Each structure stands twice: as structure tokens, then as C-alpha cells.
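The structure under discussion appears below in the form of C-alpha cells.
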Amino acid sequence: MDRIQMTEKLKTKLSSKRFEHSVGVEYTAGTMAYMYGADYNKALTAGLLHDCAKYLSNDKKIAKCEKLGISISKCEYQNPELLHAKLSAVYAREKYGVTDDEILSAITYHTTGRPGMSLMDKIIYIADYIEPNRAVLPEMEEIRKEAYTDIDICLLHILKNCVTYLENKGEVIDPVTKETYEYYSKLMN
Ligand code: DGI
Ligand code: FE
Ligand code: FE
């Protein structure tokens, strides 16, 4: 399936808002790939498809993961929304014909990050946060600049703001989010 076909299919699956967000992540990831010398086409595909399973209800997300043998952590049972990342990677492979591991990894880890992220993982994680259709979050102007000046500073800045945001909201922080934040805090300081 080429990217035009992927785009057409995706449009029938997502709400128009979520679809516009996906296209925003697609082209933002493309510009970051140019900036940092990552594979441009892979960045576009990963950006486009990163939320492709987001439309499933929480019950469906759990049921699909159980059926597919994807392990669900305690935190993921409590916040099934988190599962859309893993499921989007499965759907990218099974329904959109993506076989590239760099793309599939970037989709898998786009919500929590992971310690030792690849360049493509970082690009998709950041592009998801800064794409132009995203509601403006605290320090967004600075974070957007950092995305094109220092990718690791930008990554840590987003991780920090996410953890702070979740803490303030009284949400459970996924252990992988926490590990990622701690890993990059140590690495950068
Ligand atoms: O799918 P998007 O909305 O584009 O963005 P995303 O994949 O980063 O998912 C954002 C959602 O995931 C948002 O509802 C907050 C939630 N989330 C991200 N990290 C954590 C988290 N929720 C919990 N409980 N814990 C986390 O660590
Ligand atoms: Fe997402
Ligand atoms: Fe997203």
C-alpha cells in the first residue's frame, strides 16, 4: 500500500479531528527527519499511522490486545487509552502493510517513550506533541523551537511536562513513561 492509499484508508477510520492531527504529525515528522537526517519517507508513514487504532473503544482495545496476545500491564488495564500505541503498530502492520521495524517501534512507543529511544522514536514522540493542530500546551513555543534545535532537550522537556501534567491531574503515570523520564533526566544532567 502506498502512502496515498494509506491516507485514504485512514480517513475512513478516524474522526476528522484525529485525521487532521495524524496528517499534522506526518508533515511535522517529515520536517524533523530533514533536520536530523532520519529517513523522510519512514517518518511520514510513522507519523501518519501513529494513532491508526485510536478509534477503538477502551473495551475493544482490551479485547483486541487479549486476542492478539499483547500483554497488558496493570496501568494499561486502568488506562486502556494507553493501548492505542501498541495496537496502532499492530494495525499498521496488518492493515496497512507496514513491515519496517523502525516505523513500528516509533508507533509502539509514541505515547510513553522508552529508555534508549531511536532517532525515529524521538521524532514521532515529539511530532505528536508539537504538530500545529494540537491545542497549545504550556511552554509550547519553546518546545517547538527546541524540536528543531536540540532534539534531546526537547524530548526531556516534553517528558517533564507530561509527568507534571499527569501528576497534577492525579492520573497514574505509566511505569514506562516514568522510566523514560528518569532515563533521560539522568542522561542529560
Ligand atoms: O494519541 P494522542 O492524543 O495524539 O497522544 P498520546 O498518544 O500521547 O496519548 C495521550 C493520552 O495518553 C492522554 O490521554 C494522556 C495519556 N497518557 C500518556 N502518558 C500517560 C498517559 N496516561 C496515563 N495514565 N499515564 C501515562 O503515563
Ligand atoms: Fe497517540
Ligand atoms: Fe497522536
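The values are calculated or read from the model by the stated rules, or taken from the named source; none is laboratory data. Bear in mind that the values here come from a model prediction, so they are computed numbers and not experimental data. Heads up, the Cβs are rebuilt from the backbone with ideal geometry, glycines too, and the neighbour counts pull from every protein chain shown.
Observations on the model:
- Per-region count, the range 11-41, residues surrounded by fewer than 20 Cβ atoms within 10 Å (Cβ to Cβ), assigned to a helix (DSSP H, G or I) and away from ligand 3 (no atom under 16 Å from the Cβ): 7
- Checking I72 against (1) more than 21 Å from L159 (Cβ to Cβ); (2) in a helix (DSSP H, G or I); (3) not polar (S, T, N, Q), the condition it does not meet: (2)
- If you go through the range 86-103 and keep only what is surrounded by fewer than 21 Cβ atoms within 10 Å (Cβ to Cβ) and hydrophobic (A, V, I, L, M, F, W, C), you end up with just V90.
- Taking the range 45-74 as the range and being within 17 Å of the chain's Cα centre (by Cα) and either buried (at least 21 other Cβ atoms within 10 Å of the Cβ) or of a type in the set (S, T, Y) (or both) as the test, the residues that pass are T45, A46, G47, L48, L49, H50, D51, C52, A53, Y55, K61.
- Elements of the type helices (runs of 4 or more DSSP H) sitting completely within the range 84-156 and holding at least 2 residues that are touching a residue at least 60 places away in the same chain (Cβ under 8 Å): these cover 84-96, 101-108, 119-130.
- Of all residues in the range 15-56, those being of a type in the set (S, T, Y), within 13 Å of ligand 1 (Cβ to nearest atom) and either over 22 Å from E81 (Cα atoms) or touching a residue at least 60 places away in the same chain (Cβ under 8 Å) (or both) number 1.
- Residues that are of a type outside the set (S, T, Y) and under 23 Å from I130 (Cα atoms), drawn from the range 1-12: R3, M6, L10, K11
- Selection status of R114, of a type outside the set (V, I, T), modelled with pLDDT of 95 or more and within 12 Å of the chain's Cα centre (by Cα): yes
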